[in-house]
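Read-outs throughout are calculated quantities, based only on the coordinates presented, and are distinct from any laboratory measurement. Predicted, not measured: the structure shown is a model, and the values here were computed from it. No Cβ is skipped: glycine too gets one built from the backbone with ideal geometry, and neighbour counts run over all protein chains shown.
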Amino acid sequence: MRAALLAGLLAGYGVAVPVGAVGAYLVALTARTSLRTGAGAALGVATADGLYALLAVLGGSGLAPLLAPAAGPLRIGSALVLLALAVRTALTALHACRSAADPAQAPVTQAPPGPARAFLALLGLTLLNPLTVVYFTALVLGDGRDSPADPLARAVFTLAVFAASASWQLLLASGGALLGRALTGARGRLLTALGSAALVGWLAVRLLLD
């Protein structure tokens, strides 16, 4: 049981710690909204990691070849969604800046997402990346000696992956909340939103080119 716990924690941090486009978007989303919204989004990412870890322990090494044909299209879909989010972030920030400068011409803006909506959005976005389950299969389960043998060990492994991923994603969300509090002015929030949109867009383009 201890081995399954340790393997799950290492696998969870291994997939969560490298900050990619989803992590950058999580930080920017929290900075623009609230820690509650960011926490919901963080748990959405962690839930996707946990689901893919569960698929890996149930499917074993035979799951990776089945996912390989879908990896390319889903990666492209994920990149396009991220590009759309980057554009929307930039446009929303520009509209907010114009509204602050001229309240008479303020457009009707959509309310910021709540924790539940942020959870579902980040869950769906993270699930678009089938390479996560390939990662778990190759790193932990590709060698039969490391595969959790019984249902309890598999449950411990999956929960450990979720806990590790959740702790890291919540740390990112907390950083975003601190950034949002530091940048209380309209100009600071505008620069933060445009910078995050540029970063997410660049990472999404890299996904398309890889």
Approximate spin-label separation Arg36-Arg181, in nm, with each point projected 7 Å along Cα-to-Cβ: 1.6 nm
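For a Förster distance of 35 Å, can you work out the FRET efficiency between the beta-carbons of Leu5 and Ile76, rounded to the nearest 0.05? Please report the intermediate quantities before stating the final value.
Details: r = 36 Å, r/R0 = 1.02.
E(calc), rounded to 0.05, equals 0.45.
Calculate the FRET efficiency for Trp202 and Ala155 from the Cβ-Cβ distance with a Förster distance of 41 Å, rounded to the nearest 0.05.
Numbers: r = 39 Å, r/R0 = 0.94.
So the FRET efficiency works out to roughly 0.60.
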